[in-house]
Structure formats: C-alpha cells, structure tokens
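A.B. asks: The structure under discussion is supplied below as structure tokens; questions concerning it will follow.
Here, each number is a calculation from the coordinates, and none is a lab measurement. For clarity, every value in this text was computed on a predicted model and none was experimentally measured. Here the Cβ is made from the backbone with ideal geometry for all residues, glycine too, and neighbour counts use every protein chain on show.
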Amino acid sequence: MSNTQATKPSVLIVGGGPVGLMTAIVLSYNGIPVRIIEKNTTNRPGQRGAGVQPRSQELYSFIGILPELQKLSRPLMQMHLYQPSDGGAPRDAHFLTPVDPTPACPITRPLSLGQSRSEPILRNFLLSRFGVALELATELTHFEQDAEGVSCHIVKRSVDGYKVEEDVRVLYVVGADGARGVVRKALGLSYEGQALEQHMIIGDVRVQGLGPNPQSRWHIFGSFATQGLWLRPTEWDTPDLYQIIGSGPTVDAAGLTADYPKLAQWIREVTQLEGLTINVEWASEYRASSRMVNKFSEGRVFVAGDSAHIHPPAGAQGMNSGVQDAYNLAWKLALVLKGLSPPALLASYSDERLPVISEMIKRTTAMFNRVSKEGVDRGVNADSALYMLGINYRWSGVVVDYRGSGGEEAKGHAYLGKGDGVHAGDRAPDAPGLTIAHVAPHGSLPELKAGEATSLFKFFTPAKHTALVFLPEDAERSAVGAALRSFPPGTLQTLAVLPNGVGHGPSQGSAEVDVTLVDAQGHAFSGYGSQGVGITFVIVRPDGYVGAYVRDAAGIERYCAGVFGGSAQ
Ligand SMILES: Cc1cc2nc3c(=O)[nH]c(=O)nc-3n(C[C@H](O)[C@H](O)[C@H](O)COP(=O)(O)OP(=O)(O)OC[C@H]3O[C@@H](n4cnc5c(N)ncnc54)[C@H](O)[C@@H]3O)c2cc1C
C-alpha cells in the first residue's frame, strides 16, 4: 500500500518524535493520507528513551519493525553498584525484576535502544513502506478548528534562513509535539502536576577505561541521594558510548552541562577510577516533572505522548506510553476517516488512556523519588507492571464481555490487571504452537500455507480486527459466519481455532473463516480460557487489545454497535 504525499493529507501530525512517527505509521497502515512535520532542522541526537518495554516491542512486532530494532539494541542489563546504599561491597543488581517468558507473553525483557537509533528506524519504515517523509524545519505555529476541519498555519525554514508560510486545511490534527508543544496549550487542556525538585544531567558520553568487559552492565557510582552517576552502555556498534544521568542535591547540573571539560572532570571524581578517557558528546540539564492532561482531545485535535503526559524517566515508561497512545488513537481515527465508525468512537481514546497514564505517573514518580532519595538500588522494582503487559481497558465503553463490564473499579487495575484470566479490554495474549490447517483461497490471507506452524501474534495487524473463534469439537460451526457479519467489509480477518486432534477439513469451517488453526500445544485454548466451554468469540482490536469476549452473535453485534455505530452492517 502506498500513501504518497501527493495525496491531500487527512491528518496533520505535529512532531517527529517516536509518538508522531508511530501515529503516522498506524494511520498509513490503514491507508489514511498523513503529513508529519517536525520543527527541528535536523534529526535529534541523544539516547533519552532507550528502554523499550515488552508491550511496546509487541506493538513494534505487529507493525513489522521489531527485528530491525532488535538487531541494534541490547537486552536490559544488570546494574553494577560501585557504592551500594547499604555500605556493602560493590555488587550487581537488577533494576527491574526479570520475568520468564511464557507462551502468552513471549517477550518479557526490555530492550535498550536509544531514541537517536530507534527514531531513524521508524522514519525509514514510514518512508520506504508508505512514501511518507518526515518534513524537517517545518513548524505548526497556530491553528483554528471548526465543525468540518482544522485550519493550520505552518512555517517552513530553509537552510539559508528563508521562511515559507503555508495554510493547510486537514480533517484532524494530532499533537505529538512534546511537553512544550503548542497544540496542548492552544487547546487549553490542563497539564496538572508538578516539577520535581531534582535537577539532573542527561547526555551521551564516550568513556574508555571502565575496566574489563564494561559493556556488560550499567555502571552506578555514588548515590543520587547525594551525588550519583549512571553510565549505561548504548548499542553494540557504539562500544564506548554511554548514556549518562547525573543527579543529587550537591550536583550543579546547570554549571556542569554548560562546560563539558568540567563535566568530564566531575565524572572522573565521582567514579574515583584512574585513567578514564572521557569525551562528552552532548549534555543538558533536565528537570523531571509529573504532569498530565485532563483529556486527550478537544474537537478534531488530539494530543499524544509527552504532549499529554510527562513523568520522571525512572521505569522507562514515557516513550513507551506515548507509542501506546498513538496506537490506541490511530486505528480509531482511521475508521472514522473511512466513514466506517462515528466520530463518537474517538472519545474512547481519552476514556481508555487517562486511567492508564494516571496510574503510570503514580508509579514512576514513586520510583523516581525512591531512587533519588535513597539510591538506585532502593528503587529496584519488584513487580512486573513496568513491562506494561498488564495494561488494560476493562472499563471502556467500547469493549464487550459476556461476563459484564469491568466498570469503574477496573480503573484501579489499569496497569497491572487483575490476573483473573483474559477479559474484554485486556492485552490479547500470544499463543504459539498453532498449525495452519486450512487457508480460504479467497480469504484475506491467501498467501499462508496449510501445514505451517504459526502463533497468534503473527496475525495481529494495525489495519484490521482479528476474530478468534474458538471452536470446541462439538460446536455448531454454521453460525460462525453469520455472527461476524456485523463487521463492515474489509475490517476483519477471522481465525478459527480448533483443539488438537479434531478433524479440520475445509468443509468443516465456515466460508467466512480466513484461516483455520489447530491448537497443537493447547496454548490458545488455555491462554484465552476457552477450554471446556462452547464456542467463544474473541475480537482482537487493531491495537492488540481484546475488544469483545463473547459467546454469540448478539455479543458481537453489541461490540460492532459500539465501534461502528450505525454503519455496522
Ligand atoms: C534522560 C531521559 C531518559 C528517558 N528514558 C526513557 C526510557 O528509557 N523509556 C521511555 O519510554 N521513555 C524515556 N524517556 C522519555 C522519552 O524520551 C519521551 O517520553 C519521548 O521522547 C516522548 O516522545 P514524543 O514523541 O511524545 O515527544 P518528543 O520526543 O519530545 O518529540 C516531540 C517533537 O515535536 C517537535 N515539535 C514541537 N513543537 C512543534 C511544532 N510546533 N511544530 C513541529 N514540530 C514540533 C519537537 O521538536 C520534537 O522533536 C526519557 C527521557 C529522558 C529525558
């Protein structure tokens, strides 16, 4: 599919950071013409959001760029504490408690890949796959919206200083323009919260002489409670480049970042190591804040990522949360722009993301305070919430579960989930060990071959809903197609999942089933809690969350009425 910029854009995306890029990619996947602008004249240097959490990796795998990210990145390493806060001998420790992968959660280790390396992968993918180029040196200055669209004023700057002003009319604007961006401010959204007291040094430095095998661990010197230094090895191909964070009440962040030789000297002093060679590539003073909007949109204009919420870097949630905002919004916006869903669907973006972000800010702020006041080793996170695999939307008005809605109470479990099996609103688990039994020749996945091994994650796509139809041996299959006809044409791919050992010729499937899978290892039936019950329909949304967990056509109709409104077939 090509989405060249010759087509008039429906959506203007403001900001070429990870969130703007992800929004552009998911909209482009759905065939929506977009324009994405970035006011910086060059692509940004610097590691910043390097921690890529397991849930974001899953989303990257759905859009097809995870292998490329993995090639460059490193797994989350242990920290080496040179001066542990208990006064004990130097030792290694985990920053986030490791969790073993399972069939339902195959990715449980964060990756480290600096934004200066991950953003080019997103940009190149957007350009090569969809023909959409990030427009640098292009700034949104102001906009006005009315019932039909948004009029935007853009200024383009050329290398020789010329300015070209442009008025652009689009149907929607997504402000992914960071914490200081114009979009949120122009909308008058609140950004409640506080700036935290710590002034930090952030940057990238080249360091040689850190001892044997320095690439195998993070190096933590001193304590952020007094003066602390964190040196994290970056990518495989930059062996002497480290991300630096320096902080503590006695640290003059402003003075040190204004004078790189002085900063190098400070690093030598804090490490107390002889013979270090240090070159500061860039450094800047950073003051963490905890803030979020009261809602994620006003009319036809949305905010996402740091523009909507900002929080301390502890726990590596900022970019990850923003990328997840983008995914949540973009598939809905695409359906509305195609005329398949009513604009009311877009309200669910705010409804779903607000409780998640509010919980995330509480967790990261608490963790940051522990790290800052008691030392990095005291900030170690003992639960797995920060892997973001438990994030869910059980309370959402557009998810349907035959066992009832999660209701307001579910918002209290927005980050970790309840651990009581898969419900509507939850992350749709993976299930490996499936065998393709039959592929409908005129279905939406004709390229697949019977007999191949596969897993559910290989099917999830930002461009379609995926119906998983769990068919026990004795289920009445003829009703399957009729039940799924509430979906508008082209919005659904249907996978029938049969237990192992059941006859599964094409004649036993339904004409509407694209692919019939045999659950050879039983992970799909057990992971989705659909053993020992009749037919179960699990509708997985384009963002990989369960939209409906129902037992009959009426449940699917309810889901489609919520998402597609009057346009549901
Ligand atoms: C030290 C540090 C470590 C971090 N570590 C992590 C981590 O490990 N994991 C994690 O998830 N997050 C981390 N973060 C947070 C992460 O960097 C941010 O959350 C992320 O960059 C937000 O992405 P964004 O696209 O929303 O905004 P940004 O990355 O801020 O991008 C917004 C872009 O919009 C552009 N822009 C602004 N106004 C306009 C305009 N009017 N017109 C056009 N363009 C405009 C800006 O120039 C900018 O390029 C860290 C942050 C810091 C500071």
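A.B. asks: Pop out the Kirkwood hydrodynamic radius of the range 237-338 from its pairwise C-alpha distances, inverse of mean 1/r, in Å to one decimal.
C.D. replies: In the range 237-338 this quantity evaluates to 17.1 Å.
A.B. asks: So, one more: For the range 1-101, take N as its residue count and report Rg(C-alpha) divided by 2.2 N^0.38 Å. Don't skip to the end; give the middle numbers.
C.D. replies: Details: Rg = 19.4 Å, N = 101, 2.2 N^0.38 = 12.7 Å.
Normalised Cα radius of gyration, the range 1-101: 1.53.
A.B. asks: By average Cβ neighbour count within 10 Å, what is the ranking of 533-546, 202-215, 226-239 from highest down?
C.D. replies: Going by the mean number of other Cβ atoms within 10 Å, highest first, we get 533-546, 226-239, 202-215.
A.B. asks: Do me a favour and compute the ellipsoid semi-axes for the range 331-478 from its Cα gyration tensor, root of five times each eigenvalue, largest one first, whole Å. Mind showing how you got there, number by number?
C.D. replies: Details: eigenvalues 248, 91, 52 Å².
Rounded to whole Å, the semi-axes are 35, 21, 16.
A.B. asks: About the Cα centre of the range 195-289, what is the dipole size in debye to 20, counting +1 per Lys and Arg Cβ and -1 per Asp and Glu Cβ, all else neutral?
C.D. replies: 160
A.B. asks: Identify all aspartates and glutamates with a Cα-Cα distance to Lys373 below 16 Å; exclude those on the same chain that are fewer than 8 residues away in sequence.
C.D. replies: Those aspartates and glutamates meeting the cut-off are Asp86, Glu197.
A.B. asks: What residues have an amide H closer than 5 Å to that of Val174, excluding those fewer than 5 places away on the same chain, when H is modeled at 1.01 Å from N in the peptide plane?
C.D. replies: Under 5 Å from the amide H of Val174: Leu12, Ile13, Val14, Phe302.
A.B. asks: If packing is taken as the average number of other Cβ atoms within 10 Å across a peptide's residues, how do 162-171, 264-273 rank, most packed first?
C.D. replies: Descending packing order for the listed peptides: 264-273, 162-171.
A.B. asks: Now, a different point. Please compute P(r) over all alpha-carbon pairs of the range 396-473, binned at 10 Å starting from zero, and give each bin as a whole-number percent.
C.D. replies: 14, 39, 29, 16, 3
A.B. asks: Translational D (Stokes-Einstein, µm²/s) of the chain at 10 °C and 1.306 mPa s when Rh comes from the Kirkwood sum over C-alpha pairs?
C.D. replies: D, rounded to a whole number, is 64 µm²/s.
A.B. asks: With a cut-off of 8 Å between alpha carbons and a minimum separation of six or more residues, what is the relative contact order of the range 250-314 in percent?
C.D. replies: Worked out over the range 250-314, it gives 28 percent.
A.B. asks: I would also like to ask the following. Relative contact order for the range 195-289: what is it in percent, counting Cα pairs under 8 Å that are at least 6 residues apart?
C.D. replies: 43
A.B. asks: Continuing with the same structure: Give me the percent of Cα-Cα pairs in the range 434-567 that sit more than 27 Å apart, rounded to a whole number.
C.D. replies: When every Cα pair of the range 434-567 is considered, 10 percent fall beyond 27 Å.
A.B. asks: Which Cα, out of Asn320, Pro212, Thr494, lies furthest along the positive dipole direction of the chain (beta carbon charges, K/R +1, D/E -1)?
C.D. replies: Asn320
A.B. asks: Regarding the range 20-60, what's the average projected area of the Cα-atom convex hull, expressed in nm²?
C.D. replies: Across all orientations, the range 20-60 yields a mean hull projection of 3.9 nm².
A.B. asks: Can you give the net charge of the other residues whose Cβ lies under 13 Å from the Cβ of Leu340, counting K and R as +1 and D and E as -1?
C.D. replies: +3
A.B. asks: Averaged over every viewing direction, what's the projected area of the C-alpha convex hull for the range 291-415? Give it in nm², one decimal, please. Spell out each step's value before the answer.
C.D. replies: Values: hull surface 33.8 nm².
Approximately 8.5 nm², given one-decimal rounding.
A.B. asks: Kindly work out what percent of the DSSP beta bridges joining two residues of the range 434-567 are antiparallel, to the nearest 5.
C.D. replies: Counting only bridges with both partners in the range 434-567, antiparallel ones make up about 60 percent.
A.B. asks: Debye calculation, C-alpha points only, no solvent: report log10 I(q)/I(0) for the range 434-491 at q = 0.19, 0.28, 0.31 Å⁻¹, in the same order as the q values.
C.D. replies: -0.92, -1.44, -1.36
A.B. asks: Could you sort the peptides 481-488, 339-346 by per-residue average Cβ neighbour count (10 Å cutoff), highest mean leading?
C.D. replies: Per-residue Cβ counts within 10 Å, averaged per peptide and sorted highest first, yield 481-488, 339-346.
A.B. asks: Let me ask something else. Might you report the magnitude of the Cβ-based charge dipole of the chain about its Cα centre, with Lys and Arg at +1 and Asp and Glu at -1, to the nearest 20 debye?
C.D. replies: Working: 50 positive and 55 negative charges, 75 e Å.
Magnitude of the dipole: close to 360 debye.
A.B. asks: Ordered by residue, what ³J(HN,Hα) values in Hz, to whole numbers, does the range 305-314 give under the Karplus form 6.51 cos²θ - 1.76 cosθ + 1.60, where θ = phi - 60° and Gly and Pro are x?
C.D. replies: x, 4, 4, 9, 7, 9, 7, x, x, 4
A.B. asks: For the range 59-147, I need the span (max minus min coordinate) of the C-alpha atoms along each principal axis, in Å, sorted largest to smallest.
C.D. replies: If we take the Cα atoms of the range 59-147, the spans are 61, 36, 30 Å.
A.B. asks: Continuing with this model, one more query. What is the Cα convex hull volume of the range 195-289 when expressed per residue in Å³?
C.D. replies: Details: hull volume 8.8 nm³, N = 95.
Normalising the Cα hull of the range 195-289 by residue number yields 93 Å³.
A.B. asks: If you don't mind, there's one more thing I want to ask. Which value in deg cm²/dmol, rounded to the nearest 500, describes the helix-derived mean residue ellipticity at 222 nm for the chain, given -39,500 (n - 2.57) per DSSP H run of n ≥ 4 and division by the residue count? Mind dumping the intermediate values first?
C.D. replies: Details: 12 runs with 139 residues, N = 569.
Dividing the helical sum by the residues of the chain leaves -7500 deg cm²/dmol.
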